[in-house]
Amino acid sequence: MSAGPRYVVVGGGLAGLMTTIRIAEQGHPVDLFSLVRVSRSHSVCAQGGINGAVNTKGEGDSPWIHLDDTVYGGDFLANQPPVKEMTEAAAAIIYLYDRMGVMFNRTSEGLLDFRRFGGTKVHRTAYAGATTGQQLMYALDQQVRRYEEEGLVTKYEGWEFLRAVVDGGGVARGIVALDLASMKVRAFRGDAVMVATGGPGVVFGRSTNSILNTGAANSNLYQQGAKYANGEFVQIHPTAIPGRDKRRLISESVRGEGGRVWVPRDGGRWYFLEEWYPAYGNLVPRDVAAQAIYKVVYDMGLGVDGQEAVYLDVTHKDPHELDVKLGGVLEIYEKFMGEDPREVPMKVFPAVHYSMGGLWVDYDLMTSIPGVFSGGEANYEYHGANRLGANALVSCTFDGMKGGPRMIAYGGGLESLAADAPSSLFDDAVAEQRKRLEEVYAMTSGSENPYGLHEELGEWMTRYCTVIRDEEKLRRTDEKIGELMDRWNDVALPDAGEWVNQSVVFTRQLWDMFELARVMVRGAIARKESRGVHLRPDYPERDDANWLKTTIAEWTPDGPRLSYEPVDVSLVQPRPRQYKKDIR
Amino acid sequence: MSPKTDMDIEIPPPGTGSRRERAEGSVRLTVMRQDAPGGAPYWQAFEVPRYPNMNVVECLMEIRKNPVDAEGKRTTPVAWAANCLEEVCGICTMRVNGKVRQSCAALVQDLEEPIRLEPMEKFPVKRDLVIDRDRLFDAYKRVKAWIPIDGTYDLGPGPRIPEDEREEGYWLSRCISCGACVDACPQVVTDADTPFVGAAPISWARLVNIHPTGAMNAEERYDALMGPGGISDCGKAMNCVEVCPKSIPLMESIASMNRQITRHLLVDWLKE
């Protein structure tokens, strides 16, 4: 074992892998934890592309305009300095992936091609067909495998993070994790820990997220005292395929490549986004598009065939071009819906997609627990009240680019290392987590099925805490969560097995989801304005005088204690947000 | 017109909503189970509610919500692995009615019943349908399936690549490491000393060799693919091509690497 600091990365998606690479390339050892083999992480689901202002199309794009689009698209809730850092690094990140061998689409000169995405007027999005996330993931997976071969990276795939090990001074000294095969609990020493475990979409039952995205790691840190920021800001993607198991994403790149949204009206086609938002048309940001679709379907009763659906139409496009630029996503529609979207318009509807909120971090990506860092969707750093399409891949990669070196700087400055901490610190942490697990194993006499409780949670959260936030209904949802938490104590664990016991793992995660759901709902009740994805019909306007501030949730046994801190808007002065005409 | 108006959206409770939420009839399944590594496998029958457009993963979700067998006797939920449910993470691969494929993309309406679910054959079982694919990922190490970049620093863009070559590479890079090609290959004999690496790692080697930077050390990948368990073990059964969910031209990849290796050996011989 190296005598210097040791590093722990939790999460095998883009943020976690890039953090790992950045630490390993400096010659430091990394222990990398992931629920699944890292290349199965949710980052593979990203489809459309990655943003970087390269200005290769003569449109005058720049990192500053990328910053402006991002903070404007986020309705001015993001602290601006980190966003500026990210947009300035974005082009180099794309070129780095290019050097790693990502098969990005090319121009006729063999250079990278770029396309348009929502909330912007320029071609800023590099893409590899419509499987960009998967391509980026495999590029990083391969680089990590190189360091694994060199002995710098040790992977713990099939392990779940349970807790940070925190010493008497409140400083993180490692983690406790669970082997999901043998169900053994173990502690790992680490001087700096990156938690990059993605979003909490599964709190809403069915979402576009992968089914492991419960947010449990974030929730456990929150329950341990880490601050959680802007929890009420959860993005609804306007175009997904409804399904009973999940909502399958139909990428925004479909609209970026000319796809049009319409519903039948008076015997014709009504392109309502193009009519309402002439400046951006079908490429309005996701919050605006989702709210418009809700209005058309529920308020005006114009859903396709009276259902919860609108058309997303690419049938006017050349089929070969569609295959080259959008192949992966059209295949998903064809495979799961049995209709060819090159011939028939797709039927889509909004679905929970991304959490702008997450663990509170400072500008060095450190959470409020010293030594614990957070990156990717798991933190709250860049996207404010609404994320722009193709900004997720750049933000999570940037967190890795930045987080690795910041962790090394922090680890190098420590006076005492985790290796020197008393073993009782780790033994006690393991004993505590083992006890919690045994308590779940002992839940044999109840009457509730954990998966059934989860379905109820998802229905309520999706119904009342997504596109429209009505205060009374939010309050009822908050009561419902309390009721579900009571009923959780009456779970009848369906499986006592000592090997790969998925029921024990899920039952534990279910509690963690309740805790996060409360953060989202209470935050939404408290925020008396409309901003980005947070639409309160009783307070329809953005209210900068009172609400230009970050929500901070801190855990108490009775639910989150909320406080607020100001937003750093030192770079771009807040202005009204609307996409009908250009007002930059 | 602003969409930000008040509206009262009442969504009906679970199970009573639109057509796709209502169960009609049932689906019969029979699942090969195994309680722990090395345990004895056994079959168990299940019957779950049938929903329109249902897939095999949804059937397994129904079982865990109400873990009873076909006779109504309580049992443990079937263990299986799943994540993306969009056929891109590759983890939910299993044998469905004898054919290796992703269970998320296996629609019940297309399957003969009772639907037989078995774990993949060529990988050790952890429990029920959960298997361990270490062998596949070790093979990626063996063939050095990565571009040897010189650090993550800002060195500008990568090499130019003509769009048609890029398309060839992209087609290969859609591999989701599901291991179906390895599972279906008759040449992969699991108790051999050095089992055949299978099609996916060979195709990864080809992909890296297409890239101008990867091509600079192509011979390392040739060396890795020669010898026991290497490319010469391919028996051209073509099963890999048949089961690949992404229609990757795996036989073309194997043929291409074969040609590259032959040329490489010839050049080496001429040099001597």
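For region A:44-76, enumerate the residues that are within 20 Å of the chain's Cα centre (by Cα) and either within 10 Å of chain B (Cβ to nearest Cβ) or of a type in the set (A, V, I, L, M, F, W, C) (or both).
Scanning region A:44-76 gives A:Val44, A:Cys45, A:Ala46, A:Gln47, A:Ile50, A:Leu67, A:Val71, A:Phe76.
So, in region A:108-122, exactly how many residues are touching a residue at least 24 places away in the same chain (Cβ under 8 Å) and either assigned to a loop (DSSP other than H, G, I, E, B) or farther than 17 Å from A:Ile65 by Cβ (or both)?
Adding up the residues that qualify gives 8.
Looking at (1) touching a helix residue (DSSP H, G or I) at 6+ places or on another chain (Cβ under 6 Å); (2) in a helix (DSSP H, G or I); (3) assigned by TED's automatic domain parsing to the domain that holds A:Gly306, can you tell me which one A:Val394 breaks?
Here A:Val394 clears every test but (3).
In the set B:Arg174, B:Arg221, which member is under 14 Å from the mean Cα position of the chain (by Cα) and at pLDDT 95 or above?
One residue alone meets the criteria, B:Arg174.
Given the condition closer than 26 Å to A:Ala289 by Cα and not small (Gly, Ala, Ser), answer yes or no: does some residue in region A:14-23 qualify?
no
Any idea which residue in region B:189-206 is farthest from the other protein chains (Cβ to nearest Cβ), counting only those that are crowded, with 23+ Cβ neighbours inside 10 Å and touching a residue at least 60 places away in the same chain (Cβ under 8 Å)?
B:Gly198
Can you tell me how many residues in region A:52-70 are part of a loop (DSSP other than H, G, I, E, B) and among the acidic types (Asp, Glu)?
The qualifying residues number 2.
Give the residues of region A:464-476 that are touching a residue at least 12 places away in the same chain (Cβ under 8 Å), out of contact with any Lys or Arg (no Cβ under 8 Å at 6 or more places or on another chain) and in a helix (DSSP H, G or I), sorted by residue number.
A:Leu474, A:Arg475, A:Arg476
In region B:143-156, how many are out of contact with any Leu (no Cβ under 7 Å at 6 or more places or on another chain) and free of Cβ contacts under 8 Å to residues at least 12 places away in the same chain?
Residues that pass the stated criteria total 6.
Mind listing whichever residues of region A:18-34 are of a type outside the set (Ser, Thr, Tyr), closer than 25 Å to A:Ala181 by Cα and in contact with a Ser or Thr (Cβ under 8 Å, 6 or more places away or on another chain)?
A:Pro29, A:Val30, A:Asp31, A:Leu32
Hey, could you check region A:65-108 for residues that are at positive phi and touching a His at 6+ places or on another chain (Cβ under 9 Å) and say which is surrounded by the fewest Cβ atoms within 10 Å (Cβ to Cβ)?
Of everything passing the filter in region A:65-108, A:Asp75 is surrounded by the fewest Cβ atoms within 10 Å (Cβ to Cβ).
Based on what the data block shows, is B:Cys89 within 11 Å of chain A (Cβ to nearest Cβ), hydrophobic (A, V, I, L, M, F, W, C) and in contact with a Cys (Cβ under 7 Å, 6 or more places away or on another chain)?
Here the answer is no, as B:Cys89 does not meet what is asked.
Can you find, within region B:92-109, the residue that is nearest to the other protein chains (Cβ to nearest Cβ) among those that are in a strand (DSSP E or B), surrounded by 21 or more Cβ atoms within 10 Å (Cβ to Cβ) and in contact with an Asp or Glu (Cβ under 7 Å, 6 or more places away or on another chain)?
B:Gln102
Select from region A:185-219 the residues that are within 14 Å of chain B (Cβ to nearest Cβ) and under 30 Å from A:Asp420 (Cβ atoms) and list them in ascending order.
Passing the criteria: only A:Thr197.
Have a look at A:Val361, A:Val297, A:Val324, A:Val310 and point out the one that is buried (at least 21 other Cβ atoms within 10 Å of the Cβ), over 23 Å from A:Val467 (Cβ atoms) and outside the structural domain of A:Val467 (by TED's automatic domain parsing).
Of A:Val361, A:Val297, A:Val324, A:Val310, the one residue that is buried (at least 21 other Cβ atoms within 10 Å of the Cβ), over 23 Å from A:Val467 (Cβ atoms) and outside the structural domain of A:Val467 (by TED's automatic domain parsing) is A:Val361.
Can you tell me how many residues within region A:204-237 are outside any loop (DSSP other than H, G, I, E, B) and out of contact with any His (no Cβ under 9 Å at 6 or more places or on another chain)?
Total meeting the criteria: 11.
Can you pull out the residues in region A:295-340 that are within 12 Å of another protein chain (Cβ to nearest Cβ), among the aromatic types (Phe, Trp, Tyr) and under 14 Å from A:Ala240 (Cα atoms)?
Hits for region A:295-340 are A:Tyr333, A:Phe336.
Let's see how each residue does on (1) surrounded by fewer than 24 Cβ atoms within 10 Å (Cβ to Cβ); (2) touching a strand residue (DSSP E or B) at 6+ places or on another chain (Cβ under 7 Å):
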site: A:Val9; (1), (2): no, yes
site: A:Thr20; (1), (2): no, yes
site: A:Ile23; (1), (2): no, yes
site: A:Gly27; (1), (2): yes, no
site: A:Leu32; (1), (2): no, yes
site: A:Val38; (1), (2): no, yes
site: A:Val44; (1), (2): no, no
site: A:Gln47; (1), (2): no, yes
site: A:Thr56; (1), (2): yes, yes
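Just to verify a result, which residue in region A:127-138, among those that are more than 8 Å from every other protein chain (Cβ to nearest Cβ) and part of a helix (DSSP H, G or I), is nearest to A:Lys325 (Cα to Cα)?
The extreme case among them is A:Thr132.
Table: residues versus (1) among the hydrophobic types (A, V, I, L, M, F, W, C); (2) touching a Phe, Trp or Tyr at 6+ places or on another chain (Cβ under 9 Å); (3) more than 9 Å from chain A (Cβ to nearest Cβ).
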position: B:Asn55; (1), (2), (3): no, yes, no
position: B:Glu62; (1), (2), (3): no, yes, yes
position: B:Val78; (1), (2), (3): yes, yes, yes
position: B:Ala81; (1), (2), (3): yes, no, no
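Among all residue pairs at least 6 apart or on different chains, which show Cβ distances below 9 Å where the first residue, located in region A:261-282, is away from chain B (no Cβ under 12 Å) and surrounded by fewer than 19 Cβ atoms within 10 Å (Cβ to Cβ) and the second is of a type in the set (Val, Ile, Thr) and part of a loop (DSSP other than H, G, I, E, B)?
Close Cβ pairs (under 9 Å, with a partner that is of a type in the set (Val, Ile, Thr) and part of a loop (DSSP other than H, G, I, E, B)) amount to A:Ala279/A:Ile583.
Name the pairs: first residue in region A:394-419 and within 14 Å of another protein chain (Cβ to nearest Cβ) and under 17 Å from A:Val372 (Cβ atoms), second residue surrounded by 24 or more Cβ atoms within 10 Å (Cβ to Cβ) and among the aromatic types (Phe, Trp, Tyr), Cβ to Cβ under 8 Å, at least 6 apart or on different chains?
That search, which allows pairs on different chains as well, returns A:Gly403/A:Phe373; A:Ile408/A:Tyr7.
The values are calculated or read from the model by the stated rules, or taken from the named source; none is laboratory data. Since we're looking at a predicted model, the values are computed, not measured. All Cβ positions, even for glycine, are placed from backbone atoms using ideal geometry, and neighbour counts span all protein chains on display.
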